1. Hey, could you check the stretch B:153-190 for residues that are among the acidic types (Asp, Glu) and more than 13 Å from the chain's Cα centre (by Cα) and say which is nearest to B:LYS117 (Cα to Cα)?
2. Output the qualifying pairs, or none if there are none: Cβ atoms under 6 angstrom, residues six or more apart or on different chains, first residue in the stretch B:16-43 and surrounded by 15 or more Cβ atoms within 10 Å (Cβ to Cβ), second residue among the basic types (Lys, Arg).
3. Please return the ranges of helices (runs of 4 or more DSSP H) entirely within the stretch A:120-223 where 2 or more residues are crowded, with 23+ Cβ neighbours inside 10 Å.
4. Within the stretch A:61-82, is there a residue that is of a type outside the set (A, V, I, L, M), modelled with pLDDT under 95, over 30 Å from B:TYR93 (Cα atoms) and under 27 Å from the mean Cα position of the chain (by Cα)?
5. Give me the pairs, please: first residue somewhere in the stretch B:107-127 and within 14 Å of chain A (Cβ to nearest Cβ), second residue anywhere and open to solvent by 60 Å² or more (accessible area, probe 1.4 Å) and part of a helix (DSSP H, G or I), beta-carbon distance under 8 Å, and either six or more positions apart or on two chains.
6. Could you list all residues from the stretch A:84-109 that are open to solvent by 20 Å² or more (accessible area, probe 1.4 Å), over 27 Å from the mean Cα position of the chain (by Cα) and not basic (Lys, Arg)?
7. Go through the stretch B:44-72 and give me each residue that's touching a residue at least 60 places away in the same chain (Cβ under 8 Å), at the interface with chain A (Cβ under 10 Å from one of its Cβ atoms) and open to solvent by 30 Å² or more (accessible area, probe 1.4 Å).
8. For the stretch A:235-251, indicate whether the set of residues that are touching a Leu at 6+ places or on another chain (Cβ under 7 Å), modelled with pLDDT of 80 or more and assigned to a helix (DSSP H, G or I) is non-empty.
Amino acid sequence: MKALWILAQKEVRDGLRNRWVAVSILLLTALSLAMYFLGSAATGSTKVDSLAITLVNLVSLSVYLLPLIALMLSFDALVGEFERGTMLLLAAYPIARWQIVAGKFLGHMLILLLAILISYGGTVLIITLTSDDVTQNWIAYGLMMASSWLLGGVFVGLGYFISAIVRERATAVGAAVGLWLVLVVLYDLALLGALLADAEQAISEQVLTTLLMLNPTDAYRVFNLTSTEGISQAVGLADIAANSGIASGVPLLVLGAWVLAAMLATTWMFYRREL
Amino acid sequence: MATQPAATVQDEQPPVLIENVSKSYGAAVVLNDVNLTVAAGESLVLVGHNGAGKTTLMKLLLGLVPPTAGQVRVFGNDPTAASAVAQRRALGYLPESIVFDEAMTGRELLKFYAGLKGVDGASCDVLLERVGIADAAHRRLSTWSKGMRQRLGLAQAMLGRPRLMLLDEPTSGLDPSLRSTFYEIIETLRADGVTVVISSHALGEVEDHADRIAIMRQGNVLACGTLAELTAQAALPVRLRLSCAAGAAGVIVSKLQAAGTNAQAESAAGRNINVSQVDTQHVEVICPHTEKMAVLRQIAGLGAAIADVDIRPPRLDEIYAHVMAEDAHS
């Protein structure tokens, strides 16, 4: 297990050195502060909890930004080492290949955790220090941070999978962008299109919920926008939440399953690869 | 230096055992029915052109690729098995044209690899000192020269006192003084009883560091044995160069050519002895290994006319060229 920690440390050190950690923290901090200020400007008179508003805004933007950051951290993890030739020596050391994958994952998850804690955590600190209406929504906010981390983990895992199957870094970049586009943008557009075209209402609520749950970004959205009643009402999702029949833990399980599946598939592909 | 005994290593087993091993990538055959054994403490040098299969052989020993046919055993275990992972603690590997993470310093990098091998970090400084890069160890690798990187490569291969070292083209691209430092270190490892497998195409420099030599070509081992065995196998002639007083060369040539007649009735030419004049004071005699002593006795019989004799047995590069040519004919 010591090997995992050594590999993780190296990823964190690399991340600090090539500024990816700094960029991630900056991006997420800028995003969450912007959401807070925008939110408080728009709701100045309506007395809606500013933390809830920040949370909702943050979730709708995190869905785009977090997967992108996670993919950028991870797409290079294996293919970069294949291409540079450093994997040959690493794999000749007394560590199993699954340990190489798991060690890198641990390192990248630490980077994401650091970025989320500083940016989203810093924002909640500012909110509690500046606003009087101290909120009861901070458990929801904490869950949002945890699920954001998990969402990041899904895309780190998917980035590794890309990294394990392609031959060149350039291909990995393309595949990562493509994957992001499909899961984050096109999937929802396609669902929306299908719903609009579906005049006879052939798509039942059940099917729709299942389809939403299959996509990790939608699972993340559903989890956070229905997490507490106050927030559901704020977003107008209370109805859906009540009718969807989704227990609140299900989206988290979906995210966990995605992480597990991506990591298993990556490890499997890596074992099959001849160096 | 930390000594980490590799618990899984079976002592009675040969470090390297390769039986009927073939490896192909699609239609390309990289190794073809190779058989090789390396005993504990022995050093084997693999020679051959690029593409002869030397690097693939090392990857097989490390378990990085599985063989297509045949079996590979390292200390008695299949290197691709999950259980062989821990055994790699007893292996040191220096890949061909080693690549490092440029952003790290030398010491950071060595400590990283030491950690993965379960070797205590204090031994890193000893190793850096030993390979002569202690002064540069705090600098980023992007500022390092090829020779320094190669020394660092050797240092990482020596981490944890491995019992089997696999060195792939360890001296390619190094200047001569660095090469001799490299071989000095390899000699001390051999003296410690480390089994060493070196691949090289620098034939002239490896012959002194090999117990046995395997000559490879396009995935086949054409010949394998000690330098003496290979010499005998190749039946290459010995060259003798005689020095004499200025102008005496012509006389000596005719005397040696005639020498056969008064001895065993056979002329020099009949015994495959070729005598020729190089210049006015040098004569060259080329004879089969079996005739060497007879020729020397004749030369001694010429007395003071001969000032000096220089005997050149065939070198590895000649044997190599011979084996290659023979293989091309068959």
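1. Residue satisfying both the conditions and the ranking: B:GLU184.
2. Close Cβ pairs (under 6 Å, with a partner that is among the basic types (Lys, Arg)) amount to B:LEU17/B:ARG73; B:VAL30/B:LYS23; B:LEU31/B:LYS23; B:SER43/B:ARG190.
3. The qualifying helices (runs of 4 or more DSSP H) are A:138-165, A:169-180.
4. Within the stretch A:61-82, one or more residues are of a type outside the set (A, V, I, L, M), modelled with pLDDT under 95, over 30 Å from B:TYR93 (Cα atoms) and under 27 Å from the mean Cα position of the chain (by Cα).
5. Listed by first residue and then by second, the contacts come to B:ARG107/B:ASP125; B:GLY115/A:LYS2; B:LYS117/B:ARG89; B:GLY118/A:LYS2; B:GLY118/B:ARG89; B:GLY121/B:LYS111; B:CYS124/B:ARG107; B:CYS124/B:LYS111.
6. Residues satisfying the conditions are A:GLY85, A:LEU88.
7. Answer for the stretch B:44-72, where residues must be touching a residue at least 60 places away in the same chain (Cβ under 8 Å), at the interface with chain A (Cβ under 10 Å from one of its Cβ atoms) and open to solvent by 30 Å² or more (accessible area, probe 1.4 Å): just B:THR55.
8. No, because not a single residue in the stretch A:235-251 is touching a Leu at 6+ places or on another chain (Cβ under 7 Å), modelled with pLDDT of 80 or more and assigned to a helix (DSSP H, G or I).
The values are calculated or read from the model by the stated rules, or taken from the named source; none is laboratory data. What you see is a predicted model; the values in this text were computed from it and never measured. In this analysis, Cβ positions are derived from the backbone assuming ideal geometry, glycine residues included, and neighbour counts consider all displayed protein chains. Remember, those area values only see protein heavy atoms, side chains included, never the ligands or the DNA or RNA. Shrake-Rupley method; radii C 1.70, N 1.55, O 1.52, S 1.80 Å.
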